[in-house]
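Report on one structure; see the data block that follows.
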Amino acid sequence: NTFPYNQWYTHYLLTLTAVTIVSNGTGYTEPPIVIVGDAWTSDTAVTINQQLFYVNNNVTNLYTVVADGVTGTEPPTFTTSGLQTNGTATLTYAGLAAEATAVINSLGQVIAVNVTYSDAVYRSTPTISFSGGGGVGSGAVAYGVITPGLARSFKTTIKYDRFQYFSDVQDWSPS
């Protein structure tokens, strides 16, 4: 990635704006936890551009794999820009991960997922999964809806403040 291509590569990120439910599931007695993306796990093979999250002190950090490898035994906890080796893989901090909450109805079905934090930047659509929910709740299936972030937008305003127009055209009058 060399100039000018690295400029696009750095700024083509996407934002999770909504979650669409495919199957409501059944048997939930409380809203299940919504998991956005892939969790970091130790000793796992990862590939370039894969994104992983890790919860550290109740903060969900998002990391992007910049060099293939196998994750180490200690989770990533850095929250600054730059690269850090984790096992044989290399990660970079991408910011805070998106967060969402599930809503269930009286029948124990997931009827909505509300995105509560969407400033996270993703390189592809993160997976959506559910955990817990009390009772025998299971079967809810959903997918994320992403949109280009502001970094992908173009400002197309053209400013004409350095131009003056004069006209010598005179109104015609019959003689």
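The values are calculated or read from the model by the stated rules, or taken from the named source; none is laboratory data. Nothing here was measured: the structure is a model prediction, and the numbers come from that model. Cβ placement follows ideal geometry from the backbone for every residue including glycine, while neighbour counts extend to all protein chains displayed. Just so you know, the surface numbers come from the protein's heavy atoms only, side chains and all, with ligands and any DNA or RNA stripped out. Shrake-Rupley method; radii C 1.70, N 1.55, O 1.52, S 1.80 Å.
Of note:
- Contacts under 6 angstrom Cβ, first residue in segment 31-47 being free of Cβ contacts under 8 Å to residues at least 60 places away in the same chain, partner loosely packed, with under 14 Cβ neighbours inside 10 Å and outside any loop (DSSP other than H, G, I, E, B), 6 or more apart: ALA45/VAL70
- Long-range neighbours under 8 Å by Cβ, at least six apart or interchain, first residue surrounded by 13 or more Cβ atoms within 10 Å (Cβ to Cβ) within segment 118-132, second of a type in the set (D, E, K, R) and in a strand (DSSP E or B): PRO126/ASP38
- Output for segment 95-117, where each listed residue is in contact with a Leu (Cβ under 7 Å, 6 or more places away or on another chain) and not in a strand (DSSP E or B): ALA97, ALA98
Yes/no per residue for (1) open to solvent by less than 30 Å² (accessible area, probe 1.4 Å); (2) of a type in the set (S, T, N, Q); (3) farther than 30 Å from ASN86 by Cα; (4) part of a loop (DSSP other than H, G, I, E, B):
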site	(1), (2), (3), (4)
LEU16	yes, no, no, no
VAL19	yes, no, yes, no
VAL22	no, no, yes, no
GLY25	yes, no, yes, no
GLU30	no, no, yes, yes
VAL34	yes, no, no, no
SER42	no, yes, no, yes
LEU52	yes, no, no, no
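Yes or no, residue by residue, for (1) under 12 Å from the mean Cα position of the chain (by Cα); (2) modelled with pLDDT of 90 or more; (3) under 16 Å from ALA18 (Cβ atoms):
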| position | (1), (2), (3) |
| --- | --- |
| ASN57 | no, no, no |
| TYR63 | yes, yes, no |
| ALA98 | yes, yes, yes |
| GLY108 | no, yes, no |
| SER153 | no, no, no |
| LYS159 | no, no, no |
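- Test set (1) of a type in the set (S, T, N, Q); (2) over 16 Å from TYR28 (Cβ atoms); (3) open to solvent by 40 Å² or more (accessible area, probe 1.4 Å) - SER138 fails condition number: (2)
- Only residues that are in a strand (DSSP E or B) and either under 21 Å from SER129 (Cβ atoms) or open to solvent by 70 Å² or more (accessible area, probe 1.4 Å) (or both) were counted across segment 70-94, and they come to 4.
- Matching residues, segment 111-125, being under 12 Å from the mean Cα position of the chain (by Cα) and over 11 Å from GLU99 (Cα atoms): VAL121, TYR122, ARG123, SER124, THR125
- Among the candidates TYR28, TYR63, residue that is of a type in the set (Phe, Trp, Tyr) and closer than 21 Å to VAL141 by Cβ: TYR28
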